[in-house]
1. What tally of residues in segment 72-120 results from selecting those that are over 26 Å from residue 343 (Cβ atoms) and part of a helix (DSSP H, G or I)?
2. Would you mind finding the one in 218, 278, 224, 206 that is touching a Lys or Arg at 6+ places or on another chain (Cβ under 9 Å) and either surrounded by 21 or more Cβ atoms within 10 Å (Cβ to Cβ) or not hydrophobic (A, V, I, L, M, F, W, C) (or both)?
3. Quick check on my filter: what residues within segment 72-92 are closer than 17 Å to residue 318 by Cα and not small (Gly, Ala, Ser)?
4. Within segment 28-71, work out how many residues are assigned to a strand (DSSP E or B) and not β-branched (Val, Ile, Thr).
5. The conditions are (1) without any contact (Cβ under 8 Å) to a residue 60 or more places away in the chain; (2) surrounded by fewer than 16 Cβ atoms within 10 Å (Cβ to Cβ), and residue 212 fails exactly one of them. Which is it?
6. Considering each of 217, 197 in turn, give the residue that is of a type in the set (A, V, I, L, M), touching a Ser or Thr at 6+ places or on another chain (Cβ under 7 Å) and within 30 Å of residue 136 (Cα to Cα).
7. Of all the residues that make up segment 310-343, how many are of a type in the set (A, V, I, L, M), more than 19 Å from the chain's Cα centre (by Cα) and within 27 Å of residue 99 (Cβ to Cβ)?
8. Of 428, 408, 380, which residue is crowded, with 18+ Cβ neighbours inside 10 Å, in contact with a Pro (Cβ under 6 Å, 6 or more places away or on another chain) and touching a residue at least 60 places away in the same chain (Cβ under 8 Å)?
Amino acid sequence: MGSEMCIRDRENIMREFSDLRSQFPILSRTVHGTSLHDTVHGKPLIYLDSAATSQKPQVVIDAEKEFYETINAGVHRGAHELAALSTVAFEEARAKVARLVGACADAGSEEIIVTPGATGALNLLATAIGNASAKARICKKDSDDSADFRQNFALREGDSIVVSRADHHSVLLPFQELALRTGTELRWIDVTEDGRVRTDADYLRTIIDERTKIVAVTHISNVTGAITDVSSICKRAHEVGAIFVLDACQSVPHIPVDFHALNVDFAAFSAHKMYGPTGVGFLYGRRELLNALPPANFGGSMVELAWLNKPAQYMDAPYRFEAGTQPVAQMVAAGVAADWLRAVGMNKVAEHEREIAAELLKLQDVPGVRVLGPTDLSQRIGTVAFEVEGVHPHDVGQFLDAQGIAIRVGHHCAQPIHRHFGVYASNRASVGVYNTVDEARAFVEAVSHVRAYFGA
């Protein structure tokens, strides 16, 4: 009886998501026809590149359009009605995003900073820490102004920053540059043979020690799809007084995420991977740390008082980090995307995508195909990288594209993890809420013909 109920539950979830698919207008188009909807020569689109960017439901598209048509104005400035309405919409969207990831949404206690993207968020954090380190060096030792900076963020020669081999370049490079500019040592957490970030306690103690000030790790690899047990890494970081930074770009759209429950200090994620618009991302930070962190960018909106003859007085977080004109329309649409995901239900999203991942992993049964990363369903999502023996990834991608199947090829901005597997580049299929088991089967079937087509 129990197994029958489980089967019925899975069938109901799949049916719900099949209906949900109709909310994405782009998925009704064909590719490689003479027009967008050429049903004679065109191929139905099978989109398996959500790890790069997700498609958008109609409600998100409509939200951005409606903002421009009805209340478009600059936020946090202006006394007219449109400016007030725009400001309210912007801050309501910030609160919606916060609720999706378990962050504080209360006015005056906000923990979400709006950035140009996740890459922008991580660069903002690294730059701000660099500014804190520089300020600590030049301020007098007894200066109250530098106390918080020295205590929380100041990096000195002899300190270390820790990343992981599985990290995206947007994590690796900002902190690598920060290490170079502050004279700190860059260390990295290695991966297991199947590409999971190592989390065994004895090993972590050899990498993260009393010299470590920052630990930055991916939550889910954009190559292997493996979910990192960040609790053990975060615990070790906090044991030595280090700040823990989480790259949550690949987790927020696919599994339930609660930054407070994870006990992370900072986290970065992007709207365009969670069914929102491009051009906007987010930096989560614990409120007390945000207010102790100096700005990274300077200009309008982020300053309380500015003088010619003394340093400026900057606003409290999050506004001190949001210099210039905000991406208001995109942010409003991102808030709609966050609410849309919460309405779908993140547990349901994870279960649905797990079913599809099971089909994608049947790639390992195709002769001449190697899956890069875990080959079972345990602690992973439906992002599967693979190589085809004797065929360059770009050729694989073009072959599949001709069948109407969109995947990613290349090193996916994660070269160190590819070197671990002994390759420079790979092919990657990644799912979203709109994909189906039938699409996954069609993809695996298409891959099974690649080597024969190229004579490999």
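The values are calculated or read from the model by the stated rules, or taken from the named source; none is laboratory data. Keep in mind it's a predicted model, so treat the numbers as computed, not measured. So basically every Cβ, Gly included, is an ideal-geometry build from the backbone, and we count neighbours across all protein chains shown.
1. The qualifying residues number 6.
2. Selected residue: 224, the only one of 218, 278, 224, 206 that is touching a Lys or Arg at 6+ places or on another chain (Cβ under 9 Å) and either surrounded by 21 or more Cβ atoms within 10 Å (Cβ to Cβ) or not hydrophobic (A, V, I, L, M, F, W, C) (or both).
3. 75, 76, 77, 87, 88, 90, 91, 92
4. 4
5. Of the numbered conditions (1) without any contact (Cβ under 8 Å) to a residue 60 or more places away in the chain; (2) surrounded by fewer than 16 Cβ atoms within 10 Å (Cβ to Cβ), the odd one out for residue 212 is (2).
6. 217
7. Of the residues in that region, 6 qualify.
8. 380
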